Amino acid sequence: MTPASSRASGERAASPSCSRVSSDSRRVGRRGPARFRGPRVARAAADGALGGTERGVDDEFAAAAASPASPSSSASSSSASTSALLDAIPAIPPSQLEDAFMIGSPAEREHWFPVAFANDLDGTTMIPFDLFNVPWVAFRDADGAAGCVKDECAHRACPISLGKLVDGRVQCPYHGWEYTTGGECVKMPSIKKLLPNVYVDAAPVVERDGLLYVWAGKWSEDGGEGAAGKARAAEMLESGASHAPPPGFDVMAEVTVEIAMDADDMLARLMDIGARSEAGDALAFRRVSTNGGERAELGDDVFPKLVAGALRNFREPVPRRVAFYPGRVLESTIALEGGPGDWNIHQTHVVLPSRPGRTRVLFRMATDFVAAPKLARRVGGRVWAQLAEMVLHEQLENVRVVGGGKENVLAVDEYQEWRQSVDEAE
């Protein structure tokens, strides 16, 4: 079975020892002209302003919580920042990805997809993930800028994410080949002389709203279909909605989980959170850790349940706004009614089609009623994360009848309109 065909069946192409090698595994790497060297990836805050590469503990979630720019300056700053973000993306060689082994249509893939929370990716971490049945690994270069390359070494198709980071490059654990964020192999210890212009596939990455966005469509420095895809990527980046929490909200938790369910079915469940009266089928999903890729079952601590129980006993959740965005993003604002003050929760769900029957969900929870959010995260960050996991789990399984309903209908209409446009593009 070739690496590509094993992906289509939802299996990993190589074992951790990388001892099983496909006979055509060399097809994932290729030589390209030296001009594919390029600059670095920039990052932007929610207002579009370019930010630095250093983050302290006090700046945690800062990009996600940044306030939007004033109306008078937002248009010009957005245009300038979009141009800077695109200019900073490393020049990427033409893709060798084959549609036959990918899921989703080309029209569906031509978008910027949030694939990870920016705070989960530091200079010592790699985040492997699958998107449309293609394995990728995200990492930061020596300057702290994020990049993304296909998670298969050009030498023996070993998953690069099983290796380590060396001076801002990902190093394959098998023979030590090292790759830049542009996909170029710059070190081959197993070969006496470095073969020039050997690449693995790479994907464009931009960082804003506290998220890492990957362009999953065609992209090329040359003419043709890839150049047209790059133009569409620029247009979508310019016009795309910000997924930062609204002004006045503070991010309290960001969690990533994997679930054995198709992405469209997952979206259907999440868009039904304000109308479903019966519990859905039980779902087993696992938290995705960012400290080495280990995964664990969701926590069962008592304290988050007490906090959730207290909120339920004194407040009634009522959806106020639910919206769907083409990057498979669902945003909602939930009012907690029945008590003093105006309490609200803002939720962001990113539903990524990983592999057939497999979905990765990024869930961000922000509030407008926590008096000292930074202190609350410092003291009880894990509690908030577990509370967010409980909320997500309940939304997918044991949802009660709550107020509202029109908001959910609007989100469904937005999703169906997008799905129709995708289908008509085929």
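Laboratory data are not the source of any read-out in this text; all were calculated from the coordinates shown. Just so we're clear, the structure is a prediction, and the values are computed from it rather than from any experiment. Cβ sites come from the backbone with ideal geometry, for glycine too, and all protein chains shown count toward neighbours.
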Worksheet item: Using the scaling law 2.2 N^0.38 Å as the reference, what is the normalised Cα Rg of segment 334-401?
Response: 1.31
Response to the item:
Sorted on mean Cβ neighbours within 10 Å (highest first), peptides 365-371, 131-137, 348-354 come out as 348-354, 131-137, 365-371
Practice prompt. Would you mind ranking Tyr415, Tyr199, Tyr179 by Cβ crowding within 10 Å, fewest neighbours first?
Written response: Tyr415, Tyr199, Tyr179
Discussion item. Quick check on the exposure proxy: order Lys192, Lys164 from fewest to most C-beta atoms within 10 angstrom.
Written reply: Lys192, Lys164
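Which of Lys193, Lys230, Lys374 has the fewest other C-beta atoms within 10 Å, and how do the rest follow up to the most? Walk me through the numbers on the way to the answer.
Numbers: Lys193 6, Lys230 21, Lys374 15.
Listing Lys193, Lys230, Lys374 from fewest to most nearby Cβ atoms yields Lys193, Lys374, Lys230.
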